[in-house]
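The values are calculated or read from the model by the stated rules, or taken from the named source; none is laboratory data. Only a predicted model underlies this, so the values are computations on that prediction, with no experimental measurement involved. Cβ atoms come from the backbone with ideal geometry, glycine included; neighbour counts cover every protein chain shown.
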Amino acid sequence: MAFLYHILIATVYTLVAAATAIGLPQLFPEIGVEMGAILGVVVLVGSAVLHEVFARQEIQADLVDELGNLRNRNAELQIALDRVERDAEILKGAVKKIAENGVTAKDSSKKNVDTVIAEVKVLQGLVKHLSGNKSATVAKAVGDGTQGALSAPVTEVAPTVSATNLALVANEGSVIAPVVDNQRLIAPDVSATSVPRETPQHPSEISTLDDDSILEIVRDGLEQNRVDLVLQPIVQLPQRKRIFYEAFTRIRDASGENLVPEQYIGIAEREGLVPAIDNMLLFRCVQLVRRTQNSKQDIGFFCNISAHSLTDRHFFSDFVEFMADNARLAPNLIFEFPYATVVNRDHDIEQHLKQLASLGFQFSVDQVSSLNVDCEDLIKNRFKYVKLDAEILLDEVNNPSGPIAVEDIKRVFNRQGMDLIVEKIETEPQLLDLLDLKIDYGQGYLFGKPRLARVE
């Protein structure tokens, strides 16, 4: 078909050249036959050159698209290969253990209890390291088995693990476990009957509080285990199929009203509580992904790590160590970092990111303020996803200002094997405008609000 198309174009400009050579001397005798022939040749040669230029540009564009698709497929194959290799190592280890030790159900149960005890000790050590004398209430919360997942070495703490502590951590999974039905994780509204009794039927957000009151609610929430895990879906477009969930924390006061991160994050940073909150989110995400994998559902979860925690060398070192013990979660757990912090990272952060990447984990960046994204640098460090606000893309559509046309943004990401997630999509008209850009995934209230994970 393309061959016939080019033949037709060549025929057209050949006829035009012939008409020029024959027709011009007849219309304007003063030109003469020889000059008419020369003009005809000029038209023919010029048209042929232009035809060749446009044909080469078309071929080049097709090659670029094909190369982008090949890179994308190569990245997917590499990820699949990494998963197969990790699974093979796990299977080899399991077979070796069975052959050497004859693992029994009793042995497995003992191993699970030992894991819980180890995690409780890690949780207790974390807050002692983070808060010191300032955060005694947070340390108490961790002593109850409700805080985050990282800490300094356990030998620094030497706590006593009570039966109550074990029960709290062992039940952690049931508090946040999702119900998976037909490949779709159900995260019901807070009014669902399955919400725990202590959770209010219609929780609301606290609007007007001073800093001291917010700090008291945060510390009390940590102490009394009033930190909830909520999930917001990320859908594949245009089908709107739920592929991922992003995990957030909500802190409740004694009356059941909620603080959202925008209200407490600045105060928590000032008081040194952000790593503790990040650890709580991480620990519960780990529990959630474990249960999801056990139910054999292929669902991904985005877990945010704040800029404050990313730049805390002690925290991030322990964070990498903890995830090394949970590397099997890598296919379903994506860590999300602020773009500005990733771009301005130092050597230590880069090494930690490489260690996480070597374990198989993938990364995402959010808080991207413009379309000027260094994709090559991100993909080199195993960043697979980039999040952009819907308003940024739509503003660029209406008022182009960047070096790259907004219509080509998706092609740029494809060349690097990265996926674009557009967040804060609130209305159908917004979505219709964005679909013209052929984006991969969408997130926002249009597809679902953040909701509490359902209790089993």
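General observations
- Test result for Ile404, touching a residue at least 24 places away in the same chain (Cβ under 8 Å), under 25 Å from Leu70 (Cβ atoms) and over 21 Å from the mean Cα position of the chain (by Cα): yes
- So Ser364, is it more than 16 Å from Phe383 (Cβ to Cβ) and either assigned to a helix (DSSP H, G or I) or touching a residue at least 60 places away in the same chain (Cβ under 8 Å) (or both): no
- Being under 27 Å from the mean Cα position of the chain (by Cα), at pLDDT below 55 and assigned by TED's automatic domain parsing to the domain that holds Pro429 is a property that holds for Pro188.
To keep it simple, each residue is scored yes or no on (1) more than 22 Å from Asn279 (Cβ to Cβ); (2) of a type in the set (D, E, K, R); (3) over 18 Å from the mean Cα position of the chain (by Cα).
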position: Asn294; (1), (2), (3): yes, no, yes
position: Gly300; (1), (2), (3): no, no, no
position: Ala307; (1), (2), (3): no, no, no
position: Phe315; (1), (2), (3): no, no, yes
position: Phe337; (1), (2), (3): no, no, no
position: Ile349; (1), (2), (3): no, no, yes
position: Asp374; (1), (2), (3): yes, yes, no
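- Matching residues in segment 435-452 - criterion: being under 19 Å from the mean Cα position of the chain (by Cα) and at negative phi: Ile439, Asp440, Tyr441, Gly442, Gln443, Tyr445, Leu446, Phe447, Lys449, Pro450, Arg451
- Top-ranked residue of segment 384-413 - restricted to ones that are acidic (Asp, Glu) and closer than 20 Å to Leu237 by Cα, ranked as modelled with the lowest pLDDT: Glu407
- Within segment 242-270, if we keep just the residues that are buried (at least 18 other Cβ atoms within 10 Å of the Cβ) and charged (D, E, K, R), the residue that is farthest from the chain's Cα centre (by Cα) turns out to be Asp253.
- Residue pairs whose Cβ atoms lie under 6 Å apart, separated by 6 or more positions or on different chains, with the first residue in segment 15-28 and within 11 Å of Val41 (Cα to Cα) and assigned by TED's automatic domain parsing to the domain that holds Leu39 and the second β-branched (Val, Ile, Thr) and assigned to a helix (DSSP H, G or I), are Ala17/Val43; Thr20/Val43.
- Residues of segment 23-37 satisfying the condition of being hydrophobic (A, V, I, L, M, F, W, C), in a helix (DSSP H, G or I) and surrounded by fewer than 14 Cβ atoms within 10 Å (Cβ to Cβ): Leu27, Val33
- Those residues of segment 416-456 which are of a type in the set (S, T, N, Q) and either modelled with pLDDT under 85 or crowded, with 18+ Cβ neighbours inside 10 Å (or both), in sequence order: Gln416, Gln430, Gln443
- Exactly one residue out of Val64, Val53, Val84, Val41 is assigned to a helix (DSSP H, G or I) and over 30 Å from Lys410 (Cα atoms): that is Val41.
- Residues in segment 288-339 that are hydroxyl-bearing (Ser, Thr, Tyr) and surrounded by fewer than 20 Cβ atoms within 10 Å (Cβ to Cβ): Ser295, Thr311, Ser317.
- Candidates in segment 384-401 are the residues that are free of Cβ contacts under 8 Å to residues at least 12 places away in the same chain and not in a helix (DSSP H, G or I); of these, the one that is surrounded by the most Cβ atoms within 10 Å (Cβ to Cβ) is Pro400.
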